[in-house]
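Trainee: Just passing along the structure, written as C-alpha cells.
The values are calculated or read from the model by the stated rules, or taken from the named source; none is laboratory data. These numbers come from a predicted model, not from an experiment. Virtual Cβ from ideal backbone geometry, glycine too; neighbours counted across all protein chains shown.
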Amino acid sequence: PSLASANAPLSLAPQAESSAAPEPPVRVATTSPNAVQPAPNAGAASGGYLVQISSQRSEADAQASFRALQSKFPSVLGSRAPVIRRADLGEKGIYYRAMVGPFGSHEEASQFCVSLKSAGGQCVAQRN
C-alpha cells in the first residue's frame with residue numbers, strides 16, 4: 001500500500017486533482033517520505049526528458065525493479081528517486097515504467113543513459 005501511495009503524486013490524475021483539491025498529495029507526501037522528492041519532480045518534468053530504466057506488469061514490480069537496479073548501479077542511480085508511469089500498450093496490456101528524471105534537455109538525459117549503460121544497465125531517453 002505504501003508503494004502505491006508513494007507514486008500517487010506522480011500520475012497525471014492526481015496532478016490534475018491537486019489544483020482543485022491540494023490536500024490529497026499533501027497527505028500522500030506526509031505518509032511516505034519517498035513521495036516528498038518525486039512530487040516536485042513530477043511538476044518540473046512536464047517539459048523535460050525522462051530516462052526509462054525498466055518496464056514491468058505492475059506498479060509494485062516497477063518499484064522493486066527500480067530498487068534492484070539502484071542497488072546494482074549505486075554510482076548512477078543511488079541518489080535518484082523513481083518516476084513510475086502507467087503505460088497502456090493496447091493489446092499488449094498495461095505496463096508500469098520505472099523512470100529517472102526529469103532532465104532539462106535530451107542531451108542531459110542521453111548522458112545519464114550513457115553513464116548507466118557504461119555501468120552495465122539498459123535505458124531509453126525520451127521526451128516527457
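Trainee: Would you call residue 97 in contact with a helix residue (DSSP H, G or I) (Cβ under 8 Å, 6 or more places away or on another chain), part of a strand (DSSP E or B), surrounded by fewer than 17 Cβ atoms within 10 Å (Cβ to Cβ) and at pLDDT 95 or above?
Mentor: no
Trainee: Out of (1) within 17 Å of residue 127 (Cβ to Cβ); (2) touching a strand residue (DSSP E or B) at 6+ places or on another chain (Cβ under 8 Å); (3) not charged (D, E, K, R), what's the single condition that is false for residue 65?
Mentor: (1)
Trainee: Sort through 60, 64, 39 and tell me the only one that's at pLDDT below 95, within 13 Å of the chain's Cα centre (by Cα) and not in a loop (DSSP other than H, G, I, E, B).
Mentor: On inspection, the qualifying residue turns out to be 39.
Trainee: Hey, among the residues in segment 100-128 that are part of a strand (DSSP E or B) and in contact (Cβ under 8 Å) with a residue 60 or more places away in the chain, which one's surrounded by the fewest Cβ atoms within 10 Å (Cβ to Cβ)?
Mentor: 127
Trainee: I've got another one for you. Just to verify a result, which residue in segment 81-94, among those that are surrounded by fewer than 21 Cβ atoms within 10 Å (Cβ to Cβ) and not small (Gly, Ala, Ser), is farthest from the chain's Cα centre (by Cα)?
Mentor: Out of the qualifying residues, it is 91.
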